[in-house]
Amino acid sequence: MQRFERVVVTGMGLASPLGCSVAEFWDGLVAGRGGVVALTSDAFAKLSTRIGALVPNLEAHWNFGLKAARRMSRSSQLALVAAAQALAQAGLPGARVNSEEVAVVVGSSIGGFAASDSFFRDYYLHGATSPLVIPISMNHGPASNISIRYGLQGPLMALDAACASAAHAIGYCYNLIRTGQLDVAVTGGADSPFSTGVMEAWCSLRALSERNAEPATACRPFSADRDGMVLGEAAGILVLESETSARRRGQPILAEIAGYGATSDSFHLTQPTPVGPERAMRRALADAGLAPKQIDAVNAHGTATTWNDRIETAALKRVFGEQAYALPVTAHKGALGHSIAASGALQVISCIQSLHHSILPPTINYRVPDPECDLDYVTSGARPGAVRIMMSNAFAFGGSNAVLIIRQPG
């Protein structure tokens, strides 16, 4: 019987609408602060949705120059800001780690579309283009830029599974490490959707909230008066490592990735079904060797769309039964917006912080109870209490589902 390595987290970093450090991000979540703001650019003036969750003052956190920034998408810039924090915390690159054996696997989905928008506009209006179009707009950019900047020469790839991209990237690296294929991976997600063309496409899909007069309270996960999600941008990067490697290096362990479940709805491109999410949760639990009753809390996908929130609630009831009604379920997209490929990584970082601080951040902007969404969504402020094992859900357009189990170290 194969012996699996335990997979631990030794570094994490982010760039989010609540700040560009884990401390700022966590303080904002726990305080219930909203990061959604008005999009004041004239480019968005005619759109039905003119709100979004932007990373403030990103340029102040660059660890690279203006010339380099001009050769990167916004998603790549976000990824490098987050990676700098994660790698520094993990002590990488380091003398006791072979950089040729460090993987970089980063989820990115919509940032390439946003980055290429201006280039296509220039071409179709003026017949002009640039040799930078491809390197800037490829979704491989965030992973490649991290690899190049830090000289990491192991497996390198981008992973695109829409809103589940980061969770799948983390799960993929978890499997590489636990099966002994490598010891260290840099993983997570980075995305930025804010171009006129991309925003217009989302508006036409009728999936976005149109509460332009009240940006900070527009996204309302699980509330009966929810009217859609709010787009956001972010990057979340983690360093995963075999426990053997981390202890050999004397590196502090932040948490353990204990399980991963992946499924497809095989149903509809934009409408989920409870069956796929249910199976992904059950697979993650089985992979971790856990019973549902051992989960202390769930970090939900919680997009604030009518369909997703109802389906996720139904799936949780299928998996946890009567326990579902006593299980705290927190959702962060009211505060952070939906950063598509990056969202799952932000959730994992939040879970790790909950394990360390014994507190669950609230689901903000919940106003009106919904009979179909009737679980405990942590709606009355941050909740103290022992949290040892958490489940993090990521469900995507196209029917891709990824669930991760995060456990306290030791």
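A compact table of results
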read-out	value
Complete set of residues in the range 55-79 that are under 26 Å from GLY34 (Cβ atoms), in contact (Cβ under 8 Å) with a residue 60 or more places away in the chain and among the aliphatic types (A, V, I, L, M)	VAL55, LEU78, ALA79
Residue count for the range 211-232, restricted to those that are outside any helix (DSSP H, G or I) and among the β-branched types (Val, Ile, Thr)	1
Any chance GLU241 is acidic (Asp, Glu), in contact with a Pro (Cβ under 9 Å, 6 or more places away or on another chain) and not in a loop (DSSP other than H, G, I, E, B)	no
Residue within the range 358-367 that is assigned to a strand (DSSP E or B) and buried (at least 24 other Cβ atoms within 10 Å of the Cβ) present	yes
Complete set of residues in the range 320-346 that are on the phi > 0 side of the Ramachandran plot and not small (Gly, Ala, Ser)	ILE340
Residue match in the range 42-52 (condition: within 16 Å of ALA341 (Cβ to Cβ) and either without any contact (Cβ under 8 Å) to a residue 12 or more places away in the chain or in contact with a Pro (Cβ under 9 Å, 6 or more places away or on another chain) (or both))	yes
Residue list for the range 118-155, restricted to those being among the β-branched types (Val, Ile, Thr), more than 15 Å from GLU100 (Cα to Cα) and surrounded by 15 or more Cβ atoms within 10 Å (Cβ to Cβ)	VAL133, ILE136
LEU346 under 19 Å from GLY13 (Cβ atoms), of a type in the set (A, V, I, L, M, F, W, C) and at pLDDT 95 or above	yes
Single match in ALA158, ALA190, ALA235, ALA185 (criterion: within 22 Å of the chain's Cα centre (by Cα), crowded, with 21+ Cβ neighbours inside 10 Å, outside any helix (DSSP H, G or I) and without any contact (Cβ under 8 Å) to a residue 60 or more places away in the chain)	ALA158
Criterion (more than 27 Å from GLU243 (Cβ to Cβ), in a loop (DSSP other than H, G, I, E, B) and of a type outside the set (S, T, N, Q)) met by exactly one of PRO135, PRO131	PRO131
Leading residue by the ranking (farthest from ILE349 (Cα to Cα)) among those in the range 244-256 that are among the hydrophobic types (A, V, I, L, M, F, W, C) and assigned to a loop (DSSP other than H, G, I, E, B)	ILE253
Filtered residues of the range 279-297 (kept if buried (at least 21 other Cβ atoms within 10 Å of the Cβ) and closer than 18 Å to THR263 by Cα)	ALA280, MET281, ALA284, LEU285, ASP287, ALA288
Tally, over the range 34-73, of residues that are crowded, with 24+ Cβ neighbours inside 10 Å and either modelled with pLDDT under 95 or in contact with a His (Cβ under 6 Å, 6 or more places away or on another chain) (or both)	1
Subset tally (residues that are within 20 Å of PRO221 (Cβ to Cβ), modelled with pLDDT of 95 or more, of a type in the set (A, V, I, L, M) and within 20 Å of the chain's Cα centre (by Cα)) for the range 379-405	6
LEU205 of a type in the set (A, V, I, L, M, F, W, C) and modelled with pLDDT under 95	yes
2 or more residues of a type in the set (S, T, N, Q): qualifying helices (runs of 4 or more DSSP H) within the range 1-120	74-90
In the range 140-154, the residues that are touching a residue at least 40 places away in the same chain (Cβ under 8 Å), more than 14 Å from ALA68 (Cα to Cα) and within 22 Å of the chain's Cα centre (by Cα)	ALA143, SER147
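The values are calculated or read from the model by the stated rules, or taken from the named source; none is laboratory data. The shown structure was predicted, so the numbers you read here are calculated from the model rather than taken from an experiment. Note: ideal-geometry Cβ built from the backbone for every residue, glycine included; neighbour counts use all protein chains shown.
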